[in-house]
1. May I ask for the angle, rounded to the nearest 10°, between helix 111-120 and the longest principal axis of the chain, with both axes built from Cα atoms and the value confined to 0 to 90°?
2. With only alpha-carbon pairs counted, each pair once and no self-pairs, how large is the Kirkwood hydrodynamic radius of the range 84-200 in angstroms?
3. Going by alpha carbons, how many degrees (0 to 90, nearest 10) lie between the helix axis of 89-108 and the longest principal axis of the chain?
4. Quick one: if the Förster radius is 30 Å, what FRET efficiency do Thr167 and Gln127 give, using the C-beta to C-beta distance and rounding to 0.05?
5. Return the FRET efficiency for the residue pair Tyr55, Asp152: r is the Cβ-Cβ distance, R0 is 35 Å, and the value is rounded to the nearest 0.05.
6. Between Gln86 and Ala42, what FRET efficiency follows from the Cβ-Cβ distance if R0 is 30 Å, with the result rounded to 0.05?
7. Would you mind checking the tilt of helix 125-146 against the longest principal axis of the Cα atoms of the chain, expressed as 0 to 90 degrees and rounded to 10?
8. Taking 0.36 nm per residue of sequence separation and subtracting the Cα-Cα distance, how much length would be gained by fully extending the chain between Asp102 and Ala160, in nm to one decimal?
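Values quoted throughout were computed directly from the atomic coordinates according to the rules given, and no laboratory measurement underlies them. Model, not experiment: these values are computed from the prediction. As a convention, Cβ positions derive from the backbone with ideal geometry for all residues, glycine included, and neighbour counts pool all protein chains shown.
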Amino acid sequence: MIRLSDVGARTLRADAARNRDTLLAAATRAFAASETDPSMRAIAREAGVGIATLYRHFPTRESLVDAVYQDQVQRLTLGARELLEQLPPSEAMRRWMDLFADWLATKHGMLDTLLAMIDSGEIAEAQTRTELLEAITTILDAGSAAGDLRADTSAEDIAASLIGIFTVAGKPEHHAQAQRLLNLLMDGLRPPPSTLNPAI
């Protein structure tokens, strides 16, 4: 027999989960659009909820930054596998690079808090690096097996290239340049065309 109290509890849990997802999405947008840390009140306003709801889910700025950061890393790691299920490896790699760009953009508006949390050990930067390299390796291995990505490239090479690109073209006004540079990187990741022996 289903009790009304059980139904109510499930509804409250579902509402809480939706509110949390809404807050994460709003915080992600706010952090990506701002060069400095946006206020918690501004994030609540962006999410369309009261400040009390925000603090109920994320009691401190650090807890919100950590949740957004981990959510973005998870999107990158899961995204590699999901893209490979839908696209050839070379196309999956190019789409993943756009996900990486979104992740970097999100970090802009929470950089001060994020750096302080890394310094204090609240966020393990080395673990994040390992997870991101594993995501790149997943696509590289699939591409090597399929023959549409070079087999002599490492995940570290690609990560370094991406950091370089977004160091010089990471701001929104440089989006077109970043896209051109990413396309050039992808050209270099594809195997060279086979050289046919000339007819004798």
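1. Helix 111-120 sits roughly 90 degrees off the main axis of the chain.
2. Every distinct Cα pair counted, the radius reaches 15.9 Å.
3. On a 0 to 90 degree scale, this one is about 40.
4. On the way: r = 22 Å, r/R0 = 0.75.
The value I calculate is 0.85.
5. Plugging the Cβ-Cβ distance into 1/(1 + (r/R0)^6) gives 0.10.
6. 0.25
7. The helix 125-146 is inclined about 40 degrees to the chain.
8. On the way: separation 58, 0.36 × 58 = 20.88 nm, distance 1.67 nm.
Full extension of this stretch gives 19.2 nm more.
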